[in-house]
1. Thr60's amide H: which non-local residues (gap 5+, or another chain) put their own amide H closer than 5 Å, with H modeled 1.01 Å from N in plane and none for Pro or chain starts?
2. Out of Gly22, Val44, Thr59, whose Cα points farthest toward the positive end of the dipole of the chain (charges: +1 Lys, Arg; -1 Asp, Glu; placed on Cβ)?
3. In Å and from the alpha-carbon atoms only, list the Rg and Dmax of the chain.
4. So, with a 1.4 angstrom probe, what is the percent of accessible area on the chain that is carbon and sulfur?
5. Could you do me a favour and compute the accessible area per residue for the chain, 1.4 Å probe, result in Å²?
6. Ordered by packing density, taken as the mean number of other Cβ atoms within 10 Å over each peptide's residues, highest first, how do 41-47, 19-25 rank?
Amino acid sequence: MEITEGSFRLDLHAVFADDEHGVALVAATASRGGRSITINEAHVFHLSDGKVVEFWDATTDQYALDELIG
């Protein structure tokens with residue numbers, strides 16, 4: 001949030017889940033130094049005893065995100 005001066009945002013599109021996994025499809029948006037990006041992502045959660053024990057993030061444009069946040 002600090003790097004993007006508070007502009008970072010995740011907009012939720014859909015959620016899928018069962019007893020062991022959850023998936024959230026999101027659009028990530030952020031701005032920095034006059035540049036803006038919107039990237040689609042899948043956030044995958046591995047659940048155990050009702051708690052998140054692993055998290056995986058799959059993004060459609062890692063290079064754009066890396067360029068924006070450094």
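1. Amide H neighbours of Thr60: Asn40.
2. Positive-end residue among those listed: Thr59.
3. Spelled out, the Cα radius of gyration and Dmax of the chain are 13.8, 44 Å.
4. Taking all protein chains in place, the chain shows 53 percent carbon and sulfur surface.
5. Solvent-accessible surface per residue comes out at 72 Å².
6. In descending order of packing, they fall as 41-47, 19-25.
The values are calculated or read from the model by the stated rules, or taken from the named source; none is laboratory data. Note that the structure is predicted; figures quoted are calculated from it, not measured. Glycine gets a Cβ as well: all are built from the backbone with ideal geometry, and neighbour counts include every protein chain shown. Just so you know, the surface numbers come from the protein's heavy atoms only, side chains and all, with ligands and any DNA or RNA stripped out. Shrake-Rupley method; radii C 1.70, N 1.55, O 1.52, S 1.80 Å.
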